[in-house]
Amino acid sequence: MPRMSPRLLRWGMNLWPPFLGAGIRVRSIAADWSEAVVELRERFVNRNYVGTHFGGSLFAMTDPFYALLLMHRLGERYLVWDQAARIEFVAPGRGTLTARFRISEALLESIRAQAAGGGKVLPEFDVEIRDRAGELVARVRKTLYVRLKSRFRPPQF
């Protein structure tokens, strides 16, 4: 995993064609990689037939962030992959939508402790997508796969 600053990653993601074209903008990534804030702006190209955001755009705005934050917080010793995800649409999404991703120190330590024996850990993360008024538009649950890289695992693995 290449090491980079949160600022450089935010800048790069905001220029990445799939996000740029979809109206997805990374507003911030905390200096300690504990939090990210992402917006989805409404545009002609990301509205569906009834004038609301495409469900795929809502899902895309949440896709990489928990994995990226966790990769940087855990460091080079760990493999981190997305394993599963699901989205629940609660209300029509209109205007600018926001998702805030957070990884607490307690959760980070729990993952490290569970992975210490060399086995896989499947932590789940929830993020809410809200409109400007703070109304809930969708909930996304991400399941990640976390494991020590083989060279760092205890000998029995």
Somewhere in the stretch 60-81, is a residue over 30 Å from Arg153 (Cβ atoms) and open to solvent by 70 Å² or more (accessible area, probe 1.4 Å)?
-> no
When residues of the stretch 28-59 are filtered for being surrounded by 13 or more Cβ atoms within 10 Å (Cβ to Cβ), charged (D, E, K, R) and touching a residue at least 40 places away in the same chain (Cβ under 8 Å), how many remain?
-> 4
Mind listing whichever residues of the stretch 45-73 are out of contact with any Gly (no Cβ under 7 Å at 6 or more places or on another chain), assigned to a loop (DSSP other than H, G, I, E, B) and not small (Gly, Ala, Ser)?
-> Asn48, Tyr49, Val50, Phe54, Met61, Thr62, Asp63, Pro64
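Can you find a residue that is touching a residue at least 60 places away in the same chain (Cβ under 8 Å), within 22 Å of Ala22 (Cα to Cα) and of a type outside the set (Gly, Ala, Ser) anywhere in the stretch 104-120?
Taking the stretch 104-120 first, the residues touching a residue at least 60 places away in the same chain (Cβ under 8 Å) are 104-105.
Filter once more, keeping what is within 22 Å of Ala22 (Cα to Cα): none.
No, there is no match, as no residue in the stretch 104-120 is touching a residue at least 60 places away in the same chain (Cβ under 8 Å), within 22 Å of Ala22 (Cα to Cα) and of a type outside the set (Gly, Ala, Ser).
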Given the residues Ala133, Ala91, Ala106, which is the only one that is surrounded by fewer than 13 Cβ atoms within 10 Å (Cβ to Cβ), modelled with pLDDT of 95 or more, more than 19 Å from the chain's Cα centre (by Cα) and not in a strand (DSSP E or B)?
-> Ala133
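Could you look through the stretch 15-27, keep only residues that are of a type outside the set (A, V, I, L, M) and open to solvent by less than 40 Å² (accessible area, probe 1.4 Å), and pick out the one that is farthest from the chain's Cα centre (by Cα)?
From the stretch 15-27, those of a type outside the set (A, V, I, L, M) are 16-19, 21, 23, 25, 27; that's our starting set.
Then keep just the ones that are open to solvent by less than 40 Å² (accessible area, probe 1.4 Å); that gives 19, 23.
Values: Phe19: 13, Gly23: 16 Å.
Looking at residues that are of a type outside the set (A, V, I, L, M) and open to solvent by less than 40 Å² (accessible area, probe 1.4 Å), I get Gly23.
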Going by the conditions given, is Gly12 loosely packed, with under 14 Cβ neighbours inside 10 Å, without any contact (Cβ under 8 Å) to a residue 12 or more places away in the chain, out of contact with any strand residue (DSSP E or B) (no Cβ under 7 Å at 6 or more places or on another chain) and not basic (Lys, Arg)?
-> yes
Name the one entry in Glu76, Glu42 that is in a loop (DSSP other than H, G, I, E, B) and in contact with a Gly (Cβ under 8 Å, 6 or more places away or on another chain).
-> Glu42
Got at least one residue in the stretch 85-102 being more than 30 Å from His53 (Cα to Cα) and not small (Gly, Ala, Ser)?
-> no
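The values are calculated or read from the model by the stated rules, or taken from the named source; none is laboratory data. Everything numeric here is computed off the predicted structure, so don't read it as measured data. We place every Cβ from the backbone using ideal geometry, glycine too, and count neighbours over all the protein chains shown. Surface accessibility is based on the protein's heavy atoms, side chains included, excluding ligands, DNA and RNA. Shrake-Rupley method; radii C 1.70, N 1.55, O 1.52, S 1.80 Å.
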